[in-house]
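So the structure is just underneath, and the comments pick up after that.
Read-outs: derived from the displayed coordinates by stated rules, not from any lab. Values in this document were obtained by computation on a predicted structure and should not be read as measured data. Virtual Cβ from ideal backbone geometry, glycine too; neighbours counted across all protein chains shown.
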Amino acid sequence: MNKPIFCIIGQSGAGKSTYLDLILNDKKMKNKVKELKYCTTRKKRYEEEESYYFVKNDKFIEELEAGNIIESRHYEKYDEDVEYFTTYDNLNVQDCDALICAASVDQVLAYIEKLDNIYVIDVKVDLKERIQRLLERAETNDEVLEVCRRAVEEQEEYSRINSIEKNIIHIYNDNSKFQFSNTGNMLYSLITSANLNTIENYIFERI
C-alpha cells in the first residue's frame, strides 16, 4: 500500500503552487509530507526549475513500454507537444509520512483508480479573477494565447471533479471582493493563512 497522497487541484491561477509551497515550507509539516514530483518532457523554463523531473521523450516511451506509468497527459502547447506523467518510481520518497502534489483532475482520477489513500484539496477561484491573474503574468502574445487555451481546456477537465465523491475538501481562495492597501495584501494573507490551517489539519487527521 502506498503512502497517503494529497493532491491539490484547481484550474490555472487558482493558487495550487502557492499552497503547495506554503505547506512544504511550514515547519509543522517538516518530515510529515514531501512533494510528489512527476515527469515531463517539456523544456525547463529556467535553469534552476525543479518542479518536475525533466526527461526526454525517449524516457516516456521506455517507461510506457515497461508498464511503469501510473498516469500520463499529452498537451499540444503553442510552441511544443509535451507529456506529463507519473511513474511508480516517483512514489518512492523516503523519510516522510505522506506525499503532496499540485495535480490536474484527470491525474487525480488516475491515481484514485490505481492507488490507495488519495486525498483531494480543491482550490476554487472565480473565473474572472483567475484569468486576470494569468494575464498579468503573460509577457508575450503567445503566452496570452496559452492562457486562453488552458482556460477553455480546463473547463471541460475540471467538470469531471464531480465524479470524486469522497476524500475531498474545498478551499475558496477568491480575493476579488476585498480592497487592498498599499502596505501589502494583508487581508489576502489572512485568508491564505486560514485556508492553510484548514488544509494542514485535513492532512494531519489522515496521516
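What the table below lists for this structure:
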{"quantity": "Euclidean distance of C-alpha centroids, segment 74-127 and segment 9-57, integer Å", "calculated": "10 Å"}
{"quantity": "Over the chain: helical MRE at 222 nm, DSSP H runs n ≥ 4 each giving -39500 (n - 2.57), nearest 500", "calculated": "-11500 deg cm²/dmol"}
{"quantity": "Residues Thr86, Thr40, Thr18, Thr140, sorted so that the one with the fewest Cβ neighbours within 10 Å comes first", "calculated": "Thr140, Thr18, Thr40, Thr86"}
{"quantity": "Label-point separation, Val93 to His74 (7 Å along Cα→Cβ), nm", "calculated": "2.8 nm"}
{"quantity": "Thr198/Glu62 FRET efficiency (R0 41 Å; Cβ-Cβ; nearest 0.05)", "calculated": "0.50"}
{"quantity": "Cα gyration tensor category, rounded, prolate or oblate, for segment 1-104 with a/c compared to 1.5", "calculated": "oblate"}
{"quantity": "Segment Leu24-Cys148, extension gain: residue separation times 0.36 nm, minus the distance between their alpha carbons", "calculated": "41.6 nm"}
{"quantity": "Simple Cβ-charge dipole of the chain, Lys/Arg +1 and Asp/Glu -1, about Cα centre, in debye nearest 20", "calculated": "800 debye"}
{"quantity": "Inverse of mean 1/r across different Cα pairs in the chain, Kirkwood, Å", "calculated": "18.2 Å"}
